[in-house]
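Asker: Shown below is the structure under consideration.
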Amino acid sequence: MVEGAHARSLRCKPLRALSVSYALRGETVLLVRQLRAIGSRTGEGDRSSLATVSARWPPGLSDRRPEGRISDVADAAAASRPVDGVDLRRDTQSLGKGGFMSWNLAGSYVETCSCELMCPCNLSLDHGATYDFCRVTLVFNIHQGAVDSTDVGGCKVALIADTPKVMTDGNWSVGVFVDDRATDAQFDQLVQVFSGQLGGPMGALVPLIGEMLGVERARIDVDDDGLSHSVRIGEVIDFEIEDIVPFGVETGQPVKFSGMFHPAGSDLTMAEAKRSRIKAFGIEYEGKTGLSKSDFSWAA
């Protein structure tokens, strides 16, 4: 669980993006960041780029579409959707000269979900789950990386989600765990990445999230041992999956998906759950199938 003074700061700083209005605010932040990056690259005068951004203007903002100087439009976007008293103009102003905050992560990945072998959602997000829901735990073991100037190598992050049968219907409920061995600086930067505030693969999922259930610190242990992958998160999540080697494959190489749309990458190894005990953020399920990847890599 989150404890102490830093827990209080989470509720007023990084977690401001994880409120009920998270998805809309996330879209707004990404829009403002894109506007400021365009202004930085073009000296404020590129109207064609501005027209492209206009087409992405999120629903729920003021009806006025971008016009005039890009910096003014960025301020208008930030001011048009105040959330929890946060001034997005100030919150994104530091991006005015440098564009997007640079970051990169590389490591290994493992997940387990509630679908039978194999999860239709992994074949395509618009395929219905085995049941009337898909519940999944995504675990990222970051071997190396940096967010802005903060080294995040050695950190671990996990997300647990409860989604509708058809994932593209949106309205996902998502909770986040950050390894309790992360420093406060690492924690804050990782929350920004995994909440989608800094773009990248998680930013692409922001419009599908209807409710953020919160962020907690917890001990996250990941053990990759050949075909076996086990994860333990505090006292609330404990599972093991095993990569599937097809009958008759003498090389011992497991089956892989290729060409997937998935935040961890387009090629992941198919696995099945060997054991699971999952109950966190009000989400409880039995893990049945799984995926793993030894070398996920993100950058923005």
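Asker: Could you say which residue among PHE281, PHE261 is aromatic (Phe, Trp, Tyr) and farther than 27 Å from ASN104 by Cβ?
Answerer: Numbers: PHE261 fails: farther than 27 Å from ASN104 by Cβ.
Step by step, each of PHE281, PHE261 is checked, and only PHE281 is aromatic (Phe, Trp, Tyr) and farther than 27 Å from ASN104 by Cβ.
Asker: As an exercise: evaluate GLY199 against (1) at negative phi; (2) at pLDDT below 90 and give the number of the one condition it does not meet.
Answerer: Exception for GLY199: condition (1).
Asker: Looking at GLY153, is it surrounded by fewer than 21 Cβ atoms within 10 Å (Cβ to Cβ), touching a residue at least 60 places away in the same chain (Cβ under 8 Å), in the same structural domain as HIS262 (by TED's automatic domain parsing) and small (Gly, Ala, Ser)? Let's see the steps before the verdict.
Answerer: Details: surrounded by fewer than 21 Cβ atoms within 10 Å (Cβ to Cβ): yes; touching a residue at least 60 places away in the same chain (Cβ under 8 Å): no; in the same structural domain as HIS262 (by TED's automatic domain parsing): yes; small (Gly, Ala, Ser): yes.
The answer is no for GLY153.
Asker: Among the residues that make up the stretch 186-201, is at least one of them of a type in the set (A, V, I, L, M) and surrounded by fewer than 19 Cβ atoms within 10 Å (Cβ to Cβ)? Steps first, please.
Answerer: Narrowing the stretch 186-201 to residues of a type in the set (A, V, I, L, M): 190-191, 193, 198.
With surrounded by fewer than 19 Cβ atoms within 10 Å (Cβ to Cβ) added as a condition, the list becomes none.
No; the residues of the stretch 186-201 include none that is of a type in the set (A, V, I, L, M) and surrounded by fewer than 19 Cβ atoms within 10 Å (Cβ to Cβ).
Asker: Counting just the residues of the stretch 163-196 that are out of contact with any Leu (no Cβ under 9 Å at 6 or more places or on another chain) and under 26 Å from THR130 (Cα atoms), which one comes out modelled with the highest pLDDT?
Answerer: PRO164
Asker: Got a number for residues in the stretch 155-183 being assigned to a loop (DSSP other than H, G, I, E, B) and within 18 Å of HIS262 (Cα to Cα)? Talk me through it step by step, then tell me what you get.
Answerer: Looking only at the stretch 155-183, we keep the residues that are assigned to a loop (DSSP other than H, G, I, E, B), and these are 155, 165-166, 170-171, 180-183.
Now drop any that are not within 18 Å of HIS262 (Cα to Cα), which leaves 165-166, 170-171.
Qualifying residue count, the stretch 155-183: 4.
The values are calculated or read from the model by the stated rules, or taken from the named source; none is laboratory data. Because the structure is a prediction, the values reported are computed rather than measured. Because the Cβ atoms are built from the backbone with ideal geometry, glycine has one as well, and the counts that use them run over all protein chains shown.
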